[in-house]
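This report refers to the structure that appears directly beneath it.
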Ligand SMILES: CC(C)(COP(=O)(O)OP(=O)(O)OC[C@H]1O[C@@H](n2cnc3c(N)ncnc32)[C@H](O)[C@@H]1OP(=O)(O)O)[C@@H](O)C(=O)NCCC(=O)NCCS
């Protein structure tokens, strides 16, 4: 393995490489090296066989890149992902709606991709760092800068759940709204039977502030809507920047 030769090829003169017992660590720029296919190229350059672990130390260049996911703008090609999420989250975040055609999803996603942010209301795609796949979406809604309050929503595709994607994406979104946009409080509204979402919010430190009784009508009957909230200083204590 010739560090300098590899550094030249990846266009990173300061590339650091650590070779340990049975592993190699390379600090590669995530913008360029997220895709597993590219990681195979790097393996080949280092002369490593496919079983040798290659630990990539991501450069934390972007506020929007975490350890599992990054948040990015929506691209027109994301429409198939949104079509899947609509089925996966049926009855969980919203009432049942008539299905939208593929063309409808394409048009909606294209519109989202070029939409201007509306104040502090915006929607972002959640992309898994290890595969580069879009695994979900997160949005801030109903932002009221005068009161310093906003709501948010999150969805993760059924095939990608319980991998910590939602938790990391939500923390990133809330950190932006609290630390960069000076908001004071985040609210979430969850159907009372959505146990996964309630568990996620409790795990993140949201506090149940009340419930609107028989507030939504789903699957033939009324359900309560649970109101949860977290304040900026509570968030800072629980999720200090790393
Ligand atoms: C709720 C939802 C966003 C969670 O996404 P996720 O990526 O699976 O969540 P994470 O893996 O980040 O989980 C973080 C924590 O939430 C809790 N949690 C999430 N899913 C859970 C489940 N099925 N059962 C119990 N706890 C759960 C756990 O405390 C978990 O931490 P742990 O895995 O260390 O125990 C996802 O299930 C989803 O998209 N549901 C449909 C849409 C929806 O309900 N959105 C919210 C509307 S308000």
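Taken together, the values in this text are just the output of simple stated rules run on the coordinates, not laboratory data. None of the values given here were measured: they were computed from a predicted structure. Glycine also receives a Cβ, built like all others from the backbone with ideal geometry; neighbour counts cover every protein chain displayed.
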> Taking neighbour counts of Cβ atoms within 10 Å as a proxy for exposure, in what order, fewest first, do 185, 5, 163 appear?
Replying inline: 5, 163, 185
>> I need the shape label for the range 56-150. Rule: rounded when a/c is under 1.5, else prolate if a/b > b/c, else oblate, with a, b, c from the alpha carbon gyration tensor.
In response: oblate
> Any idea what the relative contact order of the range 87-242 is, in percent, if you count C-alpha pairs under 8 Å spaced at least 6 apart?
Replying inline: 17 percent
> Can you put 201, 184, 222 in order, fewest other beta carbons within 10 Å first?
Replying inline: 222, 184, 201
> So for 3, 237, 175, 70, fewest C-beta neighbours within 10 Å to most, what's the order?
Replying inline: 237, 3, 175, 70
> Let a ≥ b ≥ c be the square roots of the eigenvalues of the Cα gyration tensor of the range 191-242; is it rounded (a/c under 1.5), or, if not, prolate (a/b larger than b/c) or oblate?
Replying inline: prolate
> Between residue 233 and residue 142, what is the FRET efficiency for a Förster distance of 30 Å, r being their Cβ-Cβ separation, to the nearest 0.05?
Replying inline: 0.90
> When the chain is fully extended, how far beyond the present Cα-Cα distance does residue 181 get from residue 103, taking 0.36 nm per residue of separation?
Replying inline: 24.5 nm
